[in-house]
Amino acid sequence: MAKIKVTCDSTCDLTKELYNNYHIDVLPLGICLGNDLRFDGVDVTARELYDYAQKTGTLPKTSAISVGVYADCFQKYIDEGCQIVHISLSSDISSCYQNACIAASQFPGNVFVVDSKSLSSGSGHLALLAVELAAADYPAQKIYDALNDMKDRIDVSFVLQTLDYLHKGGRCSSIAAFGANALKLRPEIVVEDGKMHVGKKFRGDMEKSIMAYVRARLANQDNIQLDRIFVTHSGVPAELIAMVMQLVRELQPFEQVIETKAGSTISSHCGPRCLGLAFFRTNRH
């Protein structure tokens, strides 16, 4: 049986330690600061994005991974005798999935591209699961099938501290942004079937809204898979992250509670001080 190599888009937002320990190859999306092209997770930080947005009044532009970059990566591992399972950002959000599929068509039967229908550490869950299944001697086709089944059970959401980035990105009207900011409303964004929609709205400062959001997602829930949860954020202070991690453990007995930071692509859309949770449900939504 061929060796399995797992690759993913940088929008999986896992830590460098996890990528290294799980031997996952990460392909970066592009980030354009004006005419200056950078690469997510390589040579640009979220802080630089926020400084650019504040200075120019415009958001950085993100660019999908090209067919050629995918093909070069896949060719490398095909030449090493591997079959590849690739985890992509939701096809409803980016053309990355389509580009990866075009590249995969050059290697029929050897590259399996999974549309995560998710983003950030929601997609990251699938990348880790793919490696775990490969370690259990699942062939590539069965890993692909299992991930396509499990992706319907990913629960991904986040609470925003500002609507300015969604507004500048054309995803929120100026009236809605003004009203939410004036009333200190912090909207929850829920990812379902690859798309984002507004869930609950929380009122108050950053600490109050984040803690209320965590309670709303986890308290009194009996359909949560308790092996692993990601707490992913775009620059929330360490003291508050520690409080969130403790609250998560109090609400549900997860085996692993893992902090990750949103990469540059996700941060350029959600803005600073956003915090989200990603875990598996025991059944479909």
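State yes or no: is ALA242 over 29 Å from SER88 (Cα atoms), free of Cβ contacts under 8 Å to residues at least 24 places away in the same chain and in contact with a Gly (Cβ under 8 Å, 6 or more places away or on another chain)? Criteria not met by ALA242. When ILE93 is tested against (1) closer than 29 Å to GLN256 by Cα; (2) at pLDDT 95 or above, only condition (2) is not met. Of the listed requirements (1) farther than 24 Å from ASP149 by Cα; (2) out of contact with any Lys or Arg (no Cβ under 8 Å at 6 or more places or on another chain); (3) open to solvent by 40 Å² or more (accessible area, probe 1.4 Å); (4) in a loop (DSSP other than H, G, I, E, B), ILE65 misses just one: (3). Among the residues making up the stretch 68-116, a single one is touching a Lys or Arg at 6+ places or on another chain (Cβ under 7 Å) and among the charged types (D, E, K, R): ASP92.
Say we look at the stretch 1-41 and pick out the residues that are assigned to a loop (DSSP other than H, G, I, E, B) and free of Cβ contacts under 8 Å to residues at least 24 places away in the same chain; which of these is most open to solvent (accessible area, probe 1.4 Å)?
So the residue we want is ASN35.
Restricting attention to the stretch 47-65, the residues that are within 19 Å of the chain's Cα centre (by Cα) and either closer than 16 Å to SER94 by Cα or free of Cβ contacts under 8 Å to residues at least 12 places away in the same chain (or both) add up to 6. Working only within the stretch 42-62, note down all residues that are touching a His at 6+ places or on another chain (Cβ under 9 Å) and either of a type in the set (D, E, K, R) or open to solvent by 50 Å² or more (accessible area, probe 1.4 Å) (or both). Scanning the stretch 42-62 gives a single hit, THR62.
Taken over the stretch 257-282, the criterion of being out of contact with any helix residue (DSSP H, G or I) (no Cβ under 7 Å at 6 or more places or on another chain) and either of a type in the set (Lys, Arg) or farther than 12 Å from SER121 by Cβ (or both) is satisfied by LYS261, CYS274, THR282. The residues in the stretch 77-95 that are assigned to a loop (DSSP other than H, G, I, E, B) and open to solvent by 20 Å² or more (accessible area, probe 1.4 Å) can be counted, and the count is 7.
The values are calculated or read from the model by the stated rules, or taken from the named source; none is laboratory data. All of these numbers come straight from a predicted model, not from anything done at the bench. Neighbour counts run over all protein chains shown; Cβ positions are idealised from the backbone, glycine included. The area values use the complete protein model at the heavy-atom level, side chains included, leaving out ligands, DNA and RNA. Shrake-Rupley method; radii C 1.70, N 1.55, O 1.52, S 1.80 Å.
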